[in-house]
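Peer 1: Input: one structure, supplied below.
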Amino acid sequence: MKQKLYIKTFGCRTNLYDSQVMLSALRDYDIATDESDADIVVINSCTVTNGADSDVRYYINKLKKTTNPKIYLTGCGAHTKGKELLDSGLIEGVFGQSEKKKINKILSKPKGFYEIGDLEFVDDEVVGEFIGKSRAFIKIQEGCNFRCSYCIIPYVRGDARSLDEEKILEQIKKLAANGFGEFILTGTNLGSYGVDKKTSLAKLLKKISFIRGVRRIRLGSIEPIQVTDEFKELLDEPWIEKHLHIALQHTSPKMLKIMNRRNVYKQDVELFEFLREKGYAIGTDFITGHPGESDEIWQEAVDNFKKLPLTHLHAFTYSKRDGTPSATMKSEINGKIAKERLHEIESIVKEKNFEFRKENKKPLEVLIESKKDEYFVGYDQFYNRVKVKSNQDLTGNWIYLEDFEVKTEANYAIF
């Protein structure tokens, strides 16, 4: 009888993809749908913040107190916390992202192994199915050449490198043939795709759009400087999701310099206004409480932030990461103040999103992903949540909604 294995995924879409690669590579184990049924739990970890590390440790402790399975660690946290957790006896073994497709073999190793792998590998796996998903995550690149002062990720994911274009297209063809219509492109620094191969993200997008069965392409986070003229030419295409996530991290020019960011606020405003005129919903990343964020800088940032036509926000308070330039900076900001600032900008974007949805007169094109209680739940072309009541089983289906009710937390409809 095979042992049951469960993969717990923390963090970004790249980790979600990596987890699917591991699931596809399993041969000698049955896949558990819940950790409570698992003999083995593999944790695909995130280490972008101290909070991410804490979440992983909390999860490990919870498992130890309940079902006490064998626990293995992979993902970004393997590089920063793997040795510590292994030496403490909390986990059986550690393996890096480059080793994930060897999971079937690596889990048979004796307790105590530490196989961190390398940071120059390039995925060549083709995933033909996404277990339990109605949309597919496609990793197109790995690593980052940016060196933002607060970020540990380049040190645990390596420098930017692009996956082979033919492998990407082959994977999407297989997934489209298996019924997937929405594809989410992901990577550590998505917009840098192709720089090392004398091609570009825009060229890849055009080729993906020609694949039979592709209905919608969604992008992970890209940098403002990566929205090139070539990319802008695609914005009117019907297959690209009408939502872009453009990473700013801050809106004070002084703070952007402290963070060693490449974007310039004045140019960011121009770009966001251009996207708004194109009808796009726009999201961004933002860090509050970074060292040096004085009251004066914060007020400037808020004033600038209010001018942006934002609809979505991924924001978090600054978290010190050992080994990064920011970790040694003085003028640290009190955690309570950082949280207050976080809530302030979250409130601003929540209201902007509500206004955006109320003003939208276009029908919603929704991919239903799941059912929760009495509602089917999915996302429209603007990446807004939609809750639908229906007598039919809508899970995994595309629906069009001309009549819907806009509420604060989501759009509602009857189908």
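The values are calculated or read from the model by the stated rules, or taken from the named source; none is laboratory data. Just so it is clear, the structure is predicted and the values come from calculations on it, not from any experiment. Virtual Cβ from ideal backbone geometry, glycine too; neighbours counted across all protein chains shown.
Peer 1: Which one is farthest from the chain's Cα centre (by Cα) among residues in region 188-209 that are more than 20 Å from Gln97 (Cβ to Cβ) and outside any helix (DSSP H, G or I)?
Peer 2: Restricting attention to region 188-209, the residues satisfying the condition of being more than 20 Å from Gln97 (Cβ to Cβ) are 191, 194-195, 197-209.
From the residues that got through so far, the ones that are outside any helix (DSSP H, G or I) too are 194, 198-200.
Working: Gly194: 20, Lys198: 25, Thr199: 23, Ser200: 20 Å.
My answer is Lys198.
Peer 1: Of the residues in region 34-54, how many are surrounded by fewer than 20 Cβ atoms within 10 Å (Cβ to Cβ) and touching a residue at least 60 places away in the same chain (Cβ under 8 Å)?
Peer 2: Residues that pass the stated criteria total 4.
Peer 1: I need every pair where a residue in region 262-278 that is over 20 Å from Glu233 (Cβ atoms) has its Cβ under 8 Å from the Cβ of a residue that is among the acidic types (Asp, Glu) and modelled with pLDDT of 95 or more, sequence separation at least 6 or different chains.
Peer 2: Listed pairs, sorted by first residue: Arg262/Glu223; Asn263/Glu223.
Peer 1: Please go through region 274-284 and pick out each residue that is touching a Lys or Arg at 6+ places or on another chain (Cβ under 9 Å) and either in a loop (DSSP other than H, G, I, E, B) or surrounded by fewer than 19 Cβ atoms within 10 Å (Cβ to Cβ) (or both).
Peer 2: Phe274, Lys278, Gly279, Tyr280
Peer 1: Suppose we filter Gly187, Gly143 for residues that are touching a residue at least 60 places away in the same chain (Cβ under 8 Å), of a type in the set (Gly, Ala, Ser) and buried (at least 19 other Cβ atoms within 10 Å of the Cβ); which single one remains?
Peer 2: From the options Gly187, Gly143, the qualifying one is Gly187.
Peer 1: Out of (1) free of Cβ contacts under 8 Å to residues at least 12 places away in the same chain; (2) touching a strand residue (DSSP E or B) at 6+ places or on another chain (Cβ under 6 Å); (3) among the charged types (D, E, K, R), what's the single condition that is false for Glu369?
Peer 2: Here Glu369 clears every test but (1).
Peer 1: Check region 192-215 and report whether any residue there is more than 21 Å from Lys278 (Cβ to Cβ) and free of Cβ contacts under 8 Å to residues at least 12 places away in the same chain.
Peer 2: Yes, region 192-215 contains at least one residue that is more than 21 Å from Lys278 (Cβ to Cβ) and free of Cβ contacts under 8 Å to residues at least 12 places away in the same chain.
Peer 1: Name the single residue that is farthest from Val48 (Cα to Cα) among those in region 1-34 being in a strand (DSSP E or B) and under 22 Å from the mean Cα position of the chain (by Cα).
Peer 2: Only one residue fits best here, namely Tyr6.
Peer 1: Is region 173-183 home to any residue that is among the basic types (Lys, Arg) and buried (at least 17 other Cβ atoms within 10 Å of the Cβ)?
Peer 2: yes
Residue by residue, here is whether (1) assigned to a loop (DSSP other than H, G, I, E, B); (2) over 24 Å from the mean Cα position of the chain (by Cα); (3) surrounded by fewer than 21 Cβ atoms within 10 Å (Cβ to Cβ) holds:
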{"residue": "Leu256", "(1), (2), (3)": "no, no, yes"}
{"residue": "Arg261", "(1), (2), (3)": "yes, no, no"}
{"residue": "Phe286", "(1), (2), (3)": "no, no, no"}
{"residue": "Ile297", "(1), (2), (3)": "no, yes, yes"}
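Peer 1: Let me ask you something else. Of the residues Tyr17, Tyr72, which is modelled with pLDDT under 90 and aromatic (Phe, Trp, Tyr)?
Peer 2: Going through Tyr17, Tyr72 in turn, just one is modelled with pLDDT under 90 and aromatic (Phe, Trp, Tyr): Tyr17.
Peer 1: Do you know which of the residues in region 216-226 that are without any contact (Cβ under 8 Å) to a residue 60 or more places away in the chain and touching a strand residue (DSSP E or B) at 6+ places or on another chain (Cβ under 7 Å) is nearest to Arg261 (Cα to Cα)?
Peer 2: Per the stated criteria, the residue is Pro224.
Peer 1: Regarding Arg147, is this residue in a loop (DSSP other than H, G, I, E, B), more than 30 Å from Val269 (Cα to Cα) and either in the same structural domain as Glu277 (by TED's automatic domain parsing) or not aromatic (Phe, Trp, Tyr) (or both)?
Peer 2: In short, no.
Peer 1: Another one. Filtering region 150-163 down to residues that are in a helix (DSSP H, G or I) and among the β-branched types (Val, Ile, Thr), which residue is nearest to Arg215 (Cα to Cα)?
Peer 2: It comes out as Ile153.
Peer 1: Considering each of His250, His243 in turn, give the residue that is out of contact with any strand residue (DSSP E or B) (no Cβ under 6 Å at 6 or more places or on another chain) and either assigned by TED's automatic domain parsing to the domain that holds Thr317 or over 27 Å from Ile368 (Cβ atoms) (or both).
Peer 2: Among His250, His243, only His250 is out of contact with any strand residue (DSSP E or B) (no Cβ under 6 Å at 6 or more places or on another chain) and either assigned by TED's automatic domain parsing to the domain that holds Thr317 or over 27 Å from Ile368 (Cβ atoms) (or both).
Peer 1: If you don't mind, another one. Is one or more of the residues making up region 164-186 part of a strand (DSSP E or B), at pLDDT 90 or above and in contact with a Cys (Cβ under 9 Å, 6 or more places away or on another chain)?
Peer 2: Yes, region 164-186 contains at least one residue that is part of a strand (DSSP E or B), at pLDDT 90 or above and in contact with a Cys (Cβ under 9 Å, 6 or more places away or on another chain).
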